[in-house]
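Notes follow the structure.
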Amino acid sequence: SLLKYFQKVKIWMYDGEKLAIFKTTHLKTCGNKILLLHNFNMIKEYTDSGDPIEIPLTFGKYSYIRLIGTGSYSVVALVANNLTGEQCACKIMTREGLQAEGAMKRFIQEIDIMQSVKHPNIVEILDVIYTAENVYVITEYCENGELFQYILGRPNLSYDIVRKLFFQVVSAIFFLHQ
């Protein structure tokens with residue numbers, strides 16, 4: 001039957017921006033029609049190296065909003081804290097990717113160090129979520145993006161802005177070396 005066919009394949013729906021995966025278990029027949037009983041619950045993004053990462057639209061207390069960046073082994077999404085409404089950045093990596101690279105131990109050490117660092121000029125890690133498939137690192141969201149890209153995109157920065165940025169960078173480096 002048509003329903004059995006759809007239950008054997010992933011159902012994709014174009015929502016105007018991304019392809020979303022529907023749970024095929026939420027399909028039901030009604031006469032000769034197939035009804036979708038549930039909204040999409042996953043989004044698939046790709047790392048710079050082309051590896052797919054399936055991201056639930058909600059995980060922990062966070063909801064996916066949109067993709068804001070990609071890396072070799074991860075993607076970065078804008079997410080919202082469902083309890084406070086605060087927007088955060090979320091770096092998402094697959095456990096499989098971390099284990100394949102032998103990087104899980106280094107990753108955990110880096111997270112432990114970064115969670116202990118509290119400084120106004122260093123992005124703070126707010127939360128880390130481990131699931132069976134992915135690791136989610138929730139950080140403060142920097143609306144203007146990375147400092148390097150900010151500077152490259154503004155070749156005529158005023159002396160006052162450059163001085164302020166330089167002071168912030170030196171302050172953070174000094175703090176880390178204490």
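Pairs only if they're at least six apart or on different chains, beta carbon under 9 angstrom, first in segment 88-117 and among the hydroxyl-bearing types (S, T, Y), second part of a helix (DSSP H, G or I); list them, first residue then second.
Correct list of pairs: T94/A100.
Grab the helices (runs of 4 or more DSSP H) fully contained in segment 78-178, keeping just those with 1 or more residues being on the phi < 0 side of the Ramachandran plot, β-branched (V, I, T) and in contact with a helix residue (DSSP H, G or I) (Cβ under 9 Å, 6 or more places away or on another chain).
Because the criterion is at least 1 residues that are on the phi < 0 side of the Ramachandran plot, β-branched (V, I, T) and in contact with a helix residue (DSSP H, G or I) (Cβ under 9 Å, 6 or more places away or on another chain), the helices (runs of 4 or more DSSP H) in segment 78-178 that meet it are 147-152, 159-177.
Do the conditions hold for Y62, that is, is it touching a residue at least 40 places away in the same chain (Cβ under 8 Å) and hydroxyl-bearing (S, T, Y)?
Judged against the criteria, Y62 is a match.
Might you check whether a residue that is modelled with pLDDT of 90 or more and open to solvent by 90 Å² or more (accessible area, probe 1.4 Å) occurs anywhere in segment 123-139?
yes
Could you list, in sequence order, all residues of segment 81-96 that are under 15 Å from the mean Cα position of the chain (by Cα), open to solvent by 20 Å² or more (accessible area, probe 1.4 Å) and not charged (D, E, K, R)?
Q87, T94 - these are the residues of segment 81-96 that are under 15 Å from the mean Cα position of the chain (by Cα), open to solvent by 20 Å² or more (accessible area, probe 1.4 Å) and not charged (D, E, K, R).
Any idea which of N81, N41 is of a type in the set (S, T, N, Q) and either over 27 Å from V123 (Cβ atoms) or modelled with pLDDT under 90 (or both)?
Exactly one residue qualifies, and that residue is N41.
Search segment 140-153 for residues that are open to solvent by less than 60 Å² (accessible area, probe 1.4 Å) and pair each with any residue that is assigned to a loop (DSSP other than H, G, I, E, B) and modelled with pLDDT under 90 when their beta-carbon atoms are under 7 Å apart and the residues are at least 6 apart or on different chains.
Going by the 7 Å Cβ cut-off, the qualifying pairs are Y150/N144.
Taking segment 100-146 on its own, how many of its residues are over 18 Å from the mean Cα position of the chain (by Cα), within 22 Å of D51 (Cα to Cα) and among the small types (G, A, S)?
The number of residues fulfilling the criteria is 3.
The values are calculated or read from the model by the stated rules, or taken from the named source; none is laboratory data. Predicted model only: the values in this text are computed from it and were never measured. Every residue, glycine among them, receives a Cβ derived from its backbone with ideal geometry; neighbour counts consider all protein chains shown. To get the accessible areas, we keep the full protein, side chains included, count just its heavy atoms, and leave off ligands, DNA and RNA. Shrake-Rupley method; radii C 1.70, N 1.55, O 1.52, S 1.80 Å.
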